[in-house]
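So the structure is just underneath, and the comments pick up after that.
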Amino acid sequence: MSKYAGINNAEITSGQAAKLLFLFALGSAALILPTAVTSIARQDGWISMLLAGPFNYFILIIYLALAERFPNLSLAQYSEKVLGVWGGKLLTLLYIFFFLLLSALVLRNISDFLNLSVLPLTPEWFIDVTFMIVIIYGVLLGIETIARTGEILFGWGMFVIVIVLFSLFNQFDLHNFEPFLFNGWQQPIKGMYPILGFPIAEFVFITAIFPLVKKQDRKKLRRSLKLSAGAITFVSTLITVFLVGVMGVSEASRSPFAVYDMAKNINIEEILVRVEILVAMVWIGTVFMKLVLCVYVLAVLTAQMLKLSTYRPLVVPYSFIIVPLALMVYRNAAHTQVFAMGVWTIYSLFHGFFLPLVVLVIAVIRGKKDTSDGSFPPVRENEDTELKEQNSSKNGSDKADNQSDKEPAPA
């Protein structure tokens, strides 16, 4: 068997896929998004989180509809069957650029956080390189290892979130939510804008994960994703409620990492203090999951477009692009806010909502369905088998020649 078989075509469960979606959504969004939403919707930011909740599952319905038509193919593969070879490759190329930029943005988020809050004297390039080495190792191990890591981080992450929020109950002030709907429903609806592109439209990564779910477990996939979407809405709304209730709108909207700063307020009888590092650890873990999934999908889509036998040779070269791109993508904090609030949502919705919807509509109109296997071709396995057959036949002929030389000539 090919030494790449277990890594290329490993299988995961529907529950693991749902946990990966949850961790992906809570990646960089858990620490940054509540600040962006409260700066727009003010004390009604939690309403924006609730209103955006149904879109979590609505956009997944599009991906599930495509997965039902092409159960064993990824977006890069069934786009060629729907749009033609060159049209599909062009679409895949757009997604390659999308995930390449998204990987750089996520890496820049973690380096900015560590550089501003935890490691102020450490060069940013050193943080990027160090974090990327771990990402490379995780991607090379394959999706099965990534999914198992996600299960561990999911449990610890939920535990820390519960502990932190319970520890802040004594500082919660309901007066911070007044006046309720101070400008009608206009502000909460406006507050939905950054949520739609970050992280909802980024869920398109899951289209490369669906074919890896075990066939006998796919009946549970829709229900698992529905629970995951509900958990994403509940946790993000809860975090925003505590952010406004503990810190207030003015302080929460000024802080670049308001959730981390909120955890600094925990002080229970001078015993339980300085627990913000737990928030940092959980957030670093979720960002790790988001970045490792982005790089994995980036390498897989590229390998499928180029018809390669494995994605692994692409991981290290892509890392040499992602690290410099992460250092160059933002000029300063002001540029970060302008790009995230004004550009990224439209760009992300184009790739995460519009393009998959177009592919689905064309597939329905043309009646396209395909149940063929989209796994990586076991080229190395064939090569190894042929090599063994050649060696065995060669050894057999050599033995026959030696035996004929030893036999005496007939009289």
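The values are calculated or read from the model by the stated rules, or taken from the named source; none is laboratory data. All values reported here derive from a predicted model rather than from experimental measurement. A quick note on method: Cβ atoms are made from the backbone with ideal geometry, for glycine too, and the neighbour counts reach across all protein chains shown. Side chains are part of the model used for accessible areas, which takes the heavy atoms of the whole protein and leaves out ligands, DNA and RNA. Shrake-Rupley method; radii C 1.70, N 1.55, O 1.52, S 1.80 Å.
So here's what we get for this one:
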read-out	value
Filter result for VAL160 (over 17 Å from MET281 (Cα atoms) and in a helix (DSSP H, G or I))	no
Conditions (1) touching a residue at least 40 places away in the same chain (Cβ under 8 Å); (2) closer than 28 Å to PRO34 by Cβ: number failed by HIS335	(1)
Residue among ILE239, ILE200, ILE189, ILE209 that is open to solvent by 30 Å² or more (accessible area, probe 1.4 Å) and either out of contact with any strand residue (DSSP E or B) (no Cβ under 6 Å at 6 or more places or on another chain) or closer than 19 Å to MET49 by Cβ (or both)	ILE189
Odd one out for PRO179, checked against (1) open to solvent by less than 10 Å² (accessible area, probe 1.4 Å); (2) part of a loop (DSSP other than H, G, I, E, B); (3) of a type outside the set (Ser, Thr, Tyr)	(1)
Inter-residue pairs, beta-carbon under 6 Å, first among the hydrophobic types (A, V, I, L, M, F, W, C) and in region 361-376, second open to solvent by less than 60 Å² (accessible area, probe 1.4 Å) and assigned to a helix (DSSP H, G or I), 6+ apart	ILE362/VAL82; ALA363/ARG69; ALA363/VAL82; PHE376/ASN8
Among the candidates SER48, SER79, SER103, SER39, residue that is open to solvent by 20 Å² or more (accessible area, probe 1.4 Å), part of a helix (DSSP H, G or I) and either in contact with a Pro (Cβ under 7 Å, 6 or more places away or on another chain) or polar (S, T, N, Q) (or both)	SER39
Residues of region 339-349 satisfying the condition of being surrounded by 14 or more Cβ atoms within 10 Å (Cβ to Cβ) and either among the aliphatic types (A, V, I, L, M) or touching a residue at least 12 places away in the same chain (Cβ under 8 Å) (or both)	ALA340, MET341, TRP344, THR345, TYR347, SER348, LEU349
Considering residues of region 272-321 that are more than 29 Å from LEU31 (Cβ to Cβ) and among the charged types (D, E, K, R) only, the residue modelled with the lowest pLDDT	LYS307
Members of region 59-74 found to be open to solvent by 10 Å² or more (accessible area, probe 1.4 Å), within 24 Å of LYS307 (Cβ to Cβ) and in a helix (DSSP H, G or I), listed by number	ALA67, ARG69
Failed item in (1) closer than 21 Å to LEU102 by Cβ; (2) more than 22 Å from the chain's Cα centre (by Cα), with VAL316 passing the rest	(2)
One residue from PHE98, PHE172 being touching a helix residue (DSSP H, G or I) at 6+ places or on another chain (Cβ under 9 Å) and either of a type in the set (D, E, K, R) or within 18 Å of PHE24 (Cα to Cα) (or both)	PHE98
Of residues in region 5-36 being outside any helix (DSSP H, G or I) and modelled with pLDDT of 90 or more, the one surrounded by the most Cβ atoms within 10 Å (Cβ to Cβ)	ILE12
Qualifying position, being surrounded by fewer than 15 Cβ atoms within 10 Å (Cβ to Cβ) and at pLDDT 90 or above, among GLY367, GLY396	GLY367
Residues of region 244-279 classified as part of a helix (DSSP H, G or I) and in contact with a helix residue (DSSP H, G or I) (Cβ under 6 Å, 6 or more places away or on another chain), total	15
Check on ASP112, charged (D, E, K, R) and either under 28 Å from MET305 (Cβ atoms) or open to solvent by 20 Å² or more (accessible area, probe 1.4 Å) (or both)	yes
Condition check for VAL213: at pLDDT below 90, of a type in the set (A, V, I, L, M) and either closer than 30 Å to ASP370 by Cα or in contact with a helix residue (DSSP H, G or I) (Cβ under 6 Å, 6 or more places away or on another chain) (or both)	no
Single condition PRO120 does not satisfy, out of (1) modelled with pLDDT under 95; (2) assigned to a helix (DSSP H, G or I)	(2)
So GLY84, is it under 15 Å from the mean Cα position of the chain (by Cα) and not charged (D, E, K, R)	no
